[in-house]
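The values are calculated or read from the model by the stated rules, or taken from the named source; none is laboratory data. Note that the structure is a prediction, hence the values are computed from the model and not measured. Here Cβ is always computed from backbone atoms with ideal geometry, including for glycine, and neighbour counts include all displayed protein chains.
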Amino acid sequence: MQKAIQNRTIKTRAKLLSAAEAVIQSDGYQALRVEEVVKAAGVAKGTFFAHFNDKDALMEILIGERLNACLDQAEAGTPPKTVPEIIAALEPAHSFMTSERYVFDLLIRYSGATAVADIGPIAYCFERYFRVVMLWLEAADMRKDVSSELLAEGVQAFAIQAMSLRFCALHSATTFTDRLETYLDAWLTPTG
């Protein structure tokens with residue numbers, strides 16, 4: 001009996017995730033409403049809240065999965081050696097992270113946790129991003145006066161800064177890529 005309940009719970013959660021993905025494909029992340037998800041999944045609204053605390057908890061899973069797929073793509077490629085190659089390798093992740101203001105805001109909100117038990121998919125993606133870049137930098141011809149760990153933290157911080165300025169009307173004259181390249185050239189390039 002217990003196994004049947006567990007299987008039903010797993011199937012219901014999968015239906016909710018699938019329904020949410022279909023709504024997102026059609027209307028985007030920002031437009032997703034819990035009512036649309038439960039209707040598409042054919043379940044009651046209470047069932048949704050038995051699986052997810054709120055819309056953002058569902059989105060954390062979906063956005064985390066998508067960001068992980070982008071990082072899989074980055075890792076599968078040839079390790080970049082130059083600033084333009086690093087930017088190109090991370091482009092799918094950066095493009096997704098800035099695809100909608102809602103996505104970016106949720107990513108920033110869930111990028112860390114105050115307790116280990118609260119670490120979720122997005123926080124793990126931020127850690128993975130950092131680790132991927134750190135491994136690239138260990139093998140790249142970049143400045144060596146600081147650790148690759150610190151360099152990777154800087155890359156991530158500069159990427160987040162460039163992304164946030166992408167959403168600011170005061171800074172819209174410079175593209176994300178141009179801004180990030182300026183930052184990373186200054187941060188990673190060996191000095192004389």
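Say whether the condition of being assigned to a helix (DSSP H, G or I), farther than 30 Å from residue 142 by Cα and of a type in the set (Ser, Thr, Tyr) is met by at least one residue in the stretch 82-101. Looking for residues that are assigned to a helix (DSSP H, G or I), farther than 30 Å from residue 142 by Cα and of a type in the set (Ser, Thr, Tyr), one finds none in the stretch 82-101, hence no. Where residues in the stretch 89-114 are of a type in the set (Val, Ile, Thr) and under 13 Å from the mean Cα position of the chain (by Cα), which of them is surrounded by the most Cβ atoms within 10 Å (Cβ to Cβ)? Checking each candidate, the answer is 103. Of everything listed in (1) of a type in the set (Val, Ile, Thr); (2) in the same structural domain as residue 105 (by TED's automatic domain parsing); (3) not in a helix (DSSP H, G or I), the single unmet condition for residue 63 is (3).
Tell me, which residue of the stretch 130-160 that is touching a residue at least 60 places away in the same chain (Cβ under 8 Å) and assigned to a helix (DSSP H, G or I) is surrounded by the fewest Cβ atoms within 10 Å (Cβ to Cβ)? Per the criteria, the residue is 139.
Would you mind stating whether residue 117 is part of a helix (DSSP H, G or I) and surrounded by 14 or more Cβ atoms within 10 Å (Cβ to Cβ)? Answer is no for this residue. When 62, 16, 58 are checked against the criterion of being more than 18 Å from residue 157 (Cα to Cα) and over 17 Å from the mean Cα position of the chain (by Cα), a single residue qualifies: 16. Residues that are outside any helix (DSSP H, G or I) and surrounded by fewer than 17 Cβ atoms within 10 Å (Cβ to Cβ) within the stretch 10-60 comprise 28, 30, 31, 33, 42, 44, 53, 54, listed in sequence order. For the stretch 72-88, a residue qualifies if it is closer than 18 Å to residue 161 by Cα and buried (at least 16 other Cβ atoms within 10 Å of the Cβ), and the qualifying residues are 83, 86, 87. Among the numbered conditions (1) in contact with an Asp or Glu (Cβ under 8 Å, 6 or more places away or on another chain); (2) under 27 Å from residue 28 (Cα atoms), the only one that residue 132 does not meet is (2).
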